Amino acid sequence: MTYSRYDSGGKGSWEYKSRRDRSDSRERRNDSKIYKNCYEVSDITANRSDNEVQQYMEQNEIAVKGEEFLRPVQTFQELSVPAYALAPIKRNKFEKPTPIQAQSWPLALSGYDMVGVAQTGSGKTYSFVLPAVVHIKNQEQKTREPQALILSPTRELCQQISQVASEFARDANLKIVTVYGGAPKGDQKRALYGGVDILVATPGRLIDFMEMRVISVREVSFLVLDEADRMLDMGFAPQMKDIIRKTRSDRQTLMFSATWPKEVHKLADSYLTDYIKVNIGAQDLHANHKINQVIHMVDEREKTGRLNKLLDEIMRAEDNKTIIFVETKRGAESLARNLYNDQFPVVAMHGDKSQHEREYALKEFKSGKKPILIATDVASRGIDIRDIRYVINFDYPNNSEDYVHRIGRTARSNATGDAHTFFTRANAPKARDLVKVLEEAGQNVPRELLDYSRQAYGKPRYGGYQGRPRSGGSGGWREAWGDSSSRSHSHKKF
Ligand SMILES: Nc1ncnc2c1ncn2[C@@H]1O[C@H](COP(=O)(O)OP(=O)(O)OP(=O)(O)O)[C@@H](O)[C@H]1O
Ligand SMILES: [Mg+2]
């Protein structure tokens, strides 16, 4: 069964809930009332038979766990939100809500805390941006301080989320400000002083501004952690706690990611209240099924030659945008140099590049001037470039979650893509987790990989969860994730 109401106890699981206000049940720090319920079930949604709802959920593999169940909105037509919230969707000419949107919107608009887990490229950004905008517009209290805060692990992802939010801001007349490390503080400061409704930020720069008293998050009543597992697991739980603790205690909190490892469940519990979890697809770690995954069993020394051959083939095609992932910054630099010398049109992006260089690389790649981007994991999460056709893992990543995010840079929205991964003997301890991801997606598993996975190497080290990099609060996350701020640490990773 792919859908469920885990605690249903046989009660009428598919009935919609009537309009209600949950805000009264929570402790408030500020005097102003927060209006969390901005959702009215439309007649179209309400009039569907239980069977139809059940069928839709099964077909789209939607599972809902939590105290409440609200019917998904299967079409845009039945989403009863103001015109300003539908305008960007109309402009984009989307045909119908993606499953995560269909199920998240009713819950998020009703004021529930939630965790949304859905495959890469499935439209999670709209799942939280639309309710954020409606939430702010629904408040009586007007303030110049941010009412919605969206935290994301990297600078580029912050910029991207801001762009999506800006599509709504125009129609809703809201101000969005983006703050992240690596860029001069002056401009960002001025933007903040000009007033802000939606603040999109990396945690490090935000903390700096909070400490400088440039900005306060005390009015934040809608908080989103995008790439939540990464945010919680980057070893900067204390910083996250610091920020979250200063938002309104009666806030609504949402977390989204394509992966939801057990390790972060407890952390999530401490920031969410009676939350509802929406899961699309398999409950376990899984990749986007529209990606054709090819594993190349290679020797470390063969990798460069194999890559050149692969790129020769790929570059012959017109549709050839390719992202190549490597483990280290130094590795990225040296590979970029080699490929450049071999006349390939490459740019590179990693934590040692200046923000200007990073943005330039991404621009050249997006425009297609340089169709090959070499990157560390700084580009593995969230980046949405529609026409990336190929992902190549030159180095196998640290864990299978990162694998899923990396390959997820292709096959965005309705597109498809290919992921090529070089796997060496040294990667053998990660074979078991990779085999699981491949099998779940019905992909070919090379014999040698299967052998590795069956050998002692494949034994899980931490109760089934392998080798996740933890920077243990060392501060390394700042550098690793582009949050270079005054507290920047020497521990460098990507
Ligand atoms: N309803 C829709 N129909 C078609 N395309 C959509 C729809 N909603 C969003 N998209 C498009 O899908 C693409 C991927 O969206 P988005 O970046 O939000 O994915 P994501 O789920 O956050 O992926 P990731 O896990 O990699 O962060 C975007 O280009 C977006 O414009
Ligand atoms: Mg995303």
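Quick note: the coordinates plus some simple rules give every number you see, no bench work behind them. Since the structure is predicted, the reported quantities are computational estimates derived from the model, not experimental observations. Heads up, the Cβs are rebuilt from the backbone with ideal geometry, glycines too, and the neighbour counts pull from every protein chain shown.
Using a simple spin-label model with points 7 Å from Cα along the Cα→Cβ vector, what separation in nm is obtained for ASP269 and SER334?
The answer from the label model is 4.5 nm.
What translational D, rounded to a whole number of µm²/s, comes out for segment 291-481 from Stokes-Einstein when the hydrodynamic radius is the Kirkwood one over Cα pairs, at 20 °C and 1.002 mPa s?
125
In whole percent, what relative contact order does segment 291-481 give with Cα contacts below 8 Å and a gap of six or more residues?
26
Explain nothing, just the number: relative contact order of the chain, from Cα pairs under 8 Å at least 6 residues apart, as a whole percent.
Once divided by the residue count of the chain, the mean separation gives 16 percent.
Could you order peptides 196-205, 239-248 by the average number of other Cβ atoms within 10 Å of their residues, highest first?
Top of the packing list down: 196-205, 239-248.
Using only helices, what value at 222 nm comes out for the chain when you add -39,500 (n - 2.57) per DSSP H run of length 4 or more and divide by the total residues, to the nearest 500 deg cm²/dmol?
-10500 deg cm²/dmol
Taking amide H atoms as placed 1.01 Å from N in the peptide plane, list the residues 5 or more away in sequence, or in a different chain, whose amide H sits under 5 Å from that of CYS38.
Amide H to amide H, under 5 Å and 5 or more residues apart or across chains, CYS38 pairs with SER110, GLY111.
Let me check against my output: what whole-number percent is the relative contact order of segment 295-391, with C-alpha pairs under 8 Å and at least 6 apart?
36
Students often check this: by mean Cβ neighbours within 10 Å, which of 128-137, 286-295 ranks highest, and how do the rest follow?
Peptide ranking by packing, descending: 128-137, 286-295.
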